[in-house]
Each structure stands twice: as C-alpha cells, then as structure tokens.
Amino acid sequence: MKAQILNSFGGPNAFELSEVPKPVPQAGQVLVRVHATSINPLDYQVRRGDYVDYVPLPAITGHDVSGVVEAVGPGVTSFVPGDEVWYTTQIFEGDGSYAEYHVASESIIGKKPASLSHLEAASLTLVGGTVWEALVGRAALRVGESILIHGGAGGVGHVAIQVAKAIGARVFTTVREANFEFARGLGADVVIDYEQEDYVDAVLRETDGQGVDVIFDTIGGDTLTRSPDALAQLGRVVSIVDIAKPQNLIQAWSKNASYHFVFTRQNRGKLDELKALVERGQLRPHVGAIYSLADISSAHALLETPNNGLRGKIAIAVEPSLIS
C-alpha cells in the first residue's frame with residue numbers, strides 16, 4: 001500500500017510517499033481501507049518534532065479515518081467487510097492515517113453517518129471528539145448558559161459553535177469580519193471581530209457586565225490569560241492548547257472559576273454522540289480545502305500559514321476518486 005512516511009522531523013516536505021506492507025488485523029482489530037483523512041494542528045506539531053519522545057521514526061502519522069472495512073480479525077463482532085466507518089487513531093500508539101489502509105481496535109471505531117461524505121466524516125472525528133469532551137465532559141455546558149468560543153471559523157471552533165448551539169447555549173465567538181456570516185450560519189448568536197474590538201469589552205457589553213459561563217480556548221496565549229476578565233462567577237474555562245507561559249490565576253480565583261485542559265481520548269461513545277447530532281441536522285463539518293495523499297505536504301504548509309483564510313478543515317482524499 002502507499003503511505004506517507006515521516007523519516008525525520010522537519011518542515012512540510014519531510015514526508016516521503018512510499019510503498020509499505022498492508023497491515024493484517026489481529027484479534028479484536030479491524031482493517032480499514034482509508035478513503036479520507038484530514039489535517040489537524042496536532043499533525044504538524046508531530047511532524048516538526050514537538051512530541052519527539054512519543055513518535056519513533058520512521059512513522060506513519062495522521063489521526064482521522066473515514067473508510068470501509070476491508071477485513072476483521074478474530075473476535076470482532078461489531079463490523080463486517082463493507083461497513084463504512086470513522087474514527088480517530090490511537091494518538092502516539094501505532095501507525096496513523098496517512099496511508100491507504102489502517103488497522104485499529106474495534107473499540108474505537110464507529111459506524112460513519114450515512115449523510116456525511118468520507119471527506120466530511122474524516123474532518124470531524126478528532127475535532128468533534130475534542131469538542132464533545134471539552135464542552136460536555138469537562139465544562140458540562142447546559143441549556144440556557146452562555147459560551148465564548150475563540151476562533152469560531154477554525155477546524156475546532158466551527159464544530160464547537162454547532163455543538164454548543166445543539167446543547168441550547170447562547171454562543172459568542174471571535175472571528176474576522178469576513179467570517180461573520182459563516183459563523184452566524186453555524187449558529188453563533190454574537191460574533192466579535194477580534195481585529196477591531198477587544199473581545200472582553202464585547203462580552204461584558206452583551207452580558208450587561210456579567211460575563212459568560214464557559215470560555216472555550218482554541219488559541220492559547222493572551223486569550224487564555226485574559227479569560228477570567230470575560231468570565232461569569234462560577235464560570236469554566238476549557239483549553240485545548242499547550243500553556244506557553246505561566247498563568248496568573250488571581251482573577252480566576254476571584255470568579256470561583258474552574259479550569260480544564262483537554263487532550264482528547266479515543267472511544268466509540270463520543271463518535272456515536274456526534275453521529276446523533278449529524279443525523280438530527282444539528283452538526284455538519286465544513287471542508288475548506290481538499291488535497292490528495294500525494295500532496296499532503298502542501299496541506300500541512302497551508303494549515304501552518306498564519307492568516308491563511310481557511311474555514312473549517314483541510315481534508316485529504318486518500319481514495320483518488322474523491323477529488324473531482
């Protein structure tokens with residue numbers, strides 16, 4: 001099978017398209033013909049060597065799979081060849097998704113929503129699981145509460161808006177003015193142009209000085225540092241980014257705030273919850289760009305480019321027929 005191999009850590013051109021043996025499913029495992037995968041910030045962080053102690057080289061990286069079951073190992077009862085499936089690969093464990101085939105434990109695989117294409121499904125598994133764990137598992141966002149989602153036009157943010165709206169929250173988000181209508185179309189109630197207005201001032205104005213119940217940080221840095229200023233009493237902050245510098249939490253203490261940091265875990269349960277939202281018409285990932293497996297370096301370069309104008313996710317068509 002063809003796979004993109006990372007032989008050394010480095011820039012977007014570090015990958016080499018190679019022929020490697022097709023994996024064989026063992027007991028409790030499923031062999032999937034990968035139709036699509038997608039690109040996440042975690043992918044380029046792995047490629048450039050941010051997790052060098054966890055990724056032995058050479059490696060097949062990548063974290064999203066949408067495809068069709070090719071074969072099953074002994075003991076597998078949930079799937080048969082021909083089933084359309086989706087899942088997030090085990091992070092820092094085994095091969096990733098930048099290949100024509102992938103083998104995974106039955107326990108982390110879900111049945112793909114029929115209404116999503118493979119490109120769409122592959123664009124939702126990791127970010128969707130992250131959002132579900134952040135908003136439902138950690139923040140325990142409830143109907144009638146308010147939430148500020150930073151980066152609402154991004155891969156994680158655009159999914160978070162939809163999930164928060166499905167829960168019944170009032171949704172605030174920061175985007176560029178060019179993405180106002182995109183964010184509103186996803187369900188955002190209040191859109192804030194972070195280039196023209198201080199988001200703390202905007203939140204306090206729209207909440208009569210009370211702040212929001214939950215802040216979901218997908219950016220880090222200053223947005224995490226200033227979160228307490230826009231937070232209501234007993235508010236919750238959830239971040240999915242590394243802490244680049246020490247944080248002063250005195251203001252958070254005065255708000256009786258709680259902080260949660262999420263590095264998502266893989267399981268079928270979250271996929272099933274996301275599938276239910278998709279089937280109810282409350283969630284649909286936006287694919288902003290599509291590349292082939294052979295051109296994965298260009299996809300990495302685009303995602304790493306600041307102010308790239310991208311909305312949603314970059315999908316990778318492993319199955320050539322998916323590129324029109």
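The values are calculated or read from the model by the stated rules, or taken from the named source; none is laboratory data. The structure presented is a predicted model; accordingly, all values stated were derived computationally and were not measured. Positions of Cβ are generated from backbone atoms using ideal geometry, with glycine treated the same way; all protein chains shown enter the neighbour counts. For accessibility, only protein heavy atoms count, side chains too; no ligands or nucleic acids. Shrake-Rupley method; radii C 1.70, N 1.55, O 1.52, S 1.80 Å.
Data table
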| read-out | value |
| --- | --- |
| Hits in the range 123-152 (condition: of a type in the set (A, V, I, L, M), touching a helix residue (DSSP H, G or I) at 6+ places or on another chain (Cβ under 7 Å) and either open to solvent by less than 20 Å² (accessible area, probe 1.4 Å) or within 15 Å of ALA232 (Cβ to Cβ) (or both)) | LEU124, VAL127, VAL131, LEU135, LEU141, ILE147, LEU148, ILE149 |
| Top-ranked residue in the range 249-258 [being touching a helix residue (DSSP H, G or I) at 6+ places or on another chain (Cβ under 7 Å) and not aliphatic (A, V, I, L, M); ranked as surrounded by the fewest Cβ atoms within 10 Å (Cβ to Cβ)] | GLN251 |
| Enumeration of residues in the range 267-286 that are in contact with a helix residue (DSSP H, G or I) (Cβ under 6 Å, 6 or more places away or on another chain), open to solvent by less than 40 Å² (accessible area, probe 1.4 Å) and not basic (Lys, Arg) | LEU274, LEU277, LEU283, PRO285 |
| Conditions (1) touching a strand residue (DSSP E or B) at 6+ places or on another chain (Cβ under 7 Å); (2) aliphatic (A, V, I, L, M); (3) open to solvent by less than 50 Å² (accessible area, probe 1.4 Å); (4) part of a loop (DSSP other than H, G, I, E, B); number of the one not met by ILE219 | (3) |
| Residue match in the range 165-173 (condition: closer than 24 Å to GLU197 by Cα, open to solvent by 10 Å² or more (accessible area, probe 1.4 Å) and assigned to a loop (DSSP other than H, G, I, E, B)) | no |
| Condition met for GLU177 (surrounded by fewer than 23 Cβ atoms within 10 Å (Cβ to Cβ) and free of Cβ contacts under 8 Å to residues at least 12 places away in the same chain) | no |
| Test for ASP213: is it open to solvent by 30 Å² or more (accessible area, probe 1.4 Å) and in a strand (DSSP E or B) | yes |
| Evaluation of VAL159 against (1) surrounded by 17 or more Cβ atoms within 10 Å (Cβ to Cβ); (2) among the hydrophobic types (A, V, I, L, M, F, W, C); (3) closer than 22 Å to ARG226 by Cβ (one fails), failing number | (3) |
| Residue within the range 100-109 that is assigned to a loop (DSSP other than H, G, I, E, B) and farther than 17 Å from LEU126 by Cβ present | yes |
| Those residues of the range 205-234 which are at positive phi and in contact with a helix residue (DSSP H, G or I) (Cβ under 9 Å, 6 or more places away or on another chain), in sequence order | GLY211 |
| Matching strands (runs of 3 or more DSSP E) fully within the range 233-324 where at least 3 residues are under 26 Å from GLY110 (Cβ atoms) | 287-292, 313-317 |
| Pick from the range 56-79, criterion among the polar types (S, T, N, Q) and farther than 20 Å from ALA36 by Cβ, ranking: least open to solvent (accessible area, probe 1.4 Å) | SER78 |
| Criterion: within 23 Å of the chain's Cα centre (by Cα) and modelled with pLDDT of 95 or more - qualifying residue of VAL238, VAL262 | VAL238 |
| Cβ-Cβ under 9 Å pairs, at least 6 apart or on other chains, the range 211-231 side more than 16 Å from VAL175 (Cβ to Cβ) and without any contact (Cβ under 8 Å) to a residue 24 or more places away in the chain, far side in a strand (DSSP E or B) and of a type in the set (Val, Ile, Thr) | LEU224/ILE215; LEU224/VAL237 |
| Residue in the range 295-324 that is modelled with the highest pLDDT, counting only those that are among the polar types (S, T, N, Q) and open to solvent by 40 Å² or more (accessible area, probe 1.4 Å) | SER298 |
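Every residue, every condition in (1) part of a strand (DSSP E or B); (2) buried (at least 19 other Cβ atoms within 10 Å of the Cβ), yes or no:
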position	(1), (2)
PHE9	no, no
SER18	yes, no
LYS22	no, no
PRO25	no, yes
VAL30	yes, yes
VAL34	yes, yes
VAL46	no, yes
TYR51	no, no
TYR54	no, no
